[in-house]
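Asks: If you scroll down you'll find the structure; I have some questions about it.
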Amino acid sequence: NRSDVACFLHSHTLDTATVASLEEGLQPVSQAGIMLANMVAHSHFDFYQDGPETVRLLGGKNIMLQKWHGMFVAGESLGECFYLALSIDRACHAQRALLQTGRPYHSPTGEEVARWSRAYVDDPFYGGYDGERIWPSMVRKVERLQPDFAL
């Protein structure tokens, strides 16, 4: 039972399904990957998995990549879920693109990942992951592009 979860989002993007299927899962090889480094759980896909089991597999994390499947995102608001889903998809896209080059790449140290991922929460410019800054602009954009849209 997670009292901090008021919203749950699930999606099957190509990038999240691909990275979820990699043995090493999400790696901190992009800004978004570093930002989310300590927020992602990985699990096997089970077609008959119910909501309570999904929450259990998340543990204390907000994002789960399920092998061969996609992402689950838990948050306190729709804005937070949207922001985390957008961020995990970007992190997976960057990792997939990097791996497709077939070239050696640079990885941050564990100490750098710990320091930088924490900075995203503490730095007032980023303001954490709650989506408060990005969600209102996304709603305005969809209302402008799709006038019949309503929350």
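Asks: Considering every residue within the range 84-93, establish whether at least one is open to solvent by less than 70 Å² (accessible area, probe 1.4 Å), part of a helix (DSSP H, G or I), at pLDDT below 95 and farther than 25 Å from His10 by Cα.
Replies: So far as the range 84-93 goes, no, none of its residues is open to solvent by less than 70 Å² (accessible area, probe 1.4 Å), part of a helix (DSSP H, G or I), at pLDDT below 95 and farther than 25 Å from His10 by Cα.
Asks: Mind listing whichever residues of the range 1-12 are of a type outside the set (Asp, Glu) and part of a loop (DSSP other than H, G, I, E, B)? Please lay out each step first, then the result.
Replies: Applying the first criterion (of a type outside the set (Asp, Glu)) to the range 1-12 yields 1-3, 5-12.
Passing the criteria: Asn1, Arg2, Ser3, Val5, Ala6, His12.
Asks: While we're here: Would you check which residues across the range 94-121 are part of a helix (DSSP H, G or I), open to solvent by less than 70 Å² (accessible area, probe 1.4 Å) and of a type outside the set (A, V, I, L, M) and list them?
Replies: Within the range 94-121, Gln95, Arg96, Gly110, Glu112, Ser117, Tyr120 meet the criteria.
Asks: Could you tell me which residue of the range 49-63 is modelled with the highest pLDDT, considering only residues that are over 15 Å from Met39 (Cβ atoms) and surrounded by fewer than 16 Cβ atoms within 10 Å (Cβ to Cβ)?
Replies: By that ranking, first place goes to Arg56.
Asks: Quick one: in the range 1-31, of everything that is acidic (Asp, Glu) and either under 11 Å from His42 (Cα atoms) or surrounded by 14 or more Cβ atoms within 10 Å (Cβ to Cβ) (or both), which residue is farthest from the chain's Cα centre (by Cα)? Can you show your working first?
Replies: Residues of the range 1-31 that are acidic (Asp, Glu), as a first pass: 4, 15, 23-24.
With either under 11 Å from His42 (Cα atoms) or surrounded by 14 or more Cβ atoms within 10 Å (Cβ to Cβ) (or both) added as a condition, the list becomes 15, 23-24.
Values: Asp15: 11, Glu23: 18, Glu24: 16 Å.
Across the range 1-31, the extreme among qualifying residues is Glu23.
Asks: Step by step: first the residues of the range 64-83, then only those that are part of a helix (DSSP H, G or I) and open to solvent by 50 Å² or more (accessible area, probe 1.4 Å), then the one that is farthest from Tyr120 (Cα to Cα). Which residue is that? Talk me through it step by step, then tell me what you get.
Replies: We begin by selecting, within the range 64-83, every residue part of a helix (DSSP H, G or I); these are 78-83.
Next cut, open to solvent by 50 Å² or more (accessible area, probe 1.4 Å) only: 78, 82.
Details: Leu78: 20, Phe82: 17 Å.
Here the residue is Leu78.
Asks: Can you name the helices (runs of 4 or more DSSP H) wholly within the range 13-63 that have at least 2 residues being in contact with a Ser or Thr (Cβ under 7 Å, 6 or more places away or on another chain) and of a type in the set (Gly, Ala, Ser)?
Replies: Fully inside the range 13-63 and qualifying: nothing.
The values are calculated or read from the model by the stated rules, or taken from the named source; none is laboratory data. Keep in mind that this is a model prediction, so the values were computed, not measured. Every residue, glycine as well, gets a Cβ built from its backbone with ideal geometry; the counts of neighbours run over all protein chains shown. In case anyone asks, the SASA skips ligands and DNA or RNA and just uses the protein heavy atoms, side chains included. Shrake-Rupley method; radii C 1.70, N 1.55, O 1.52, S 1.80 Å.
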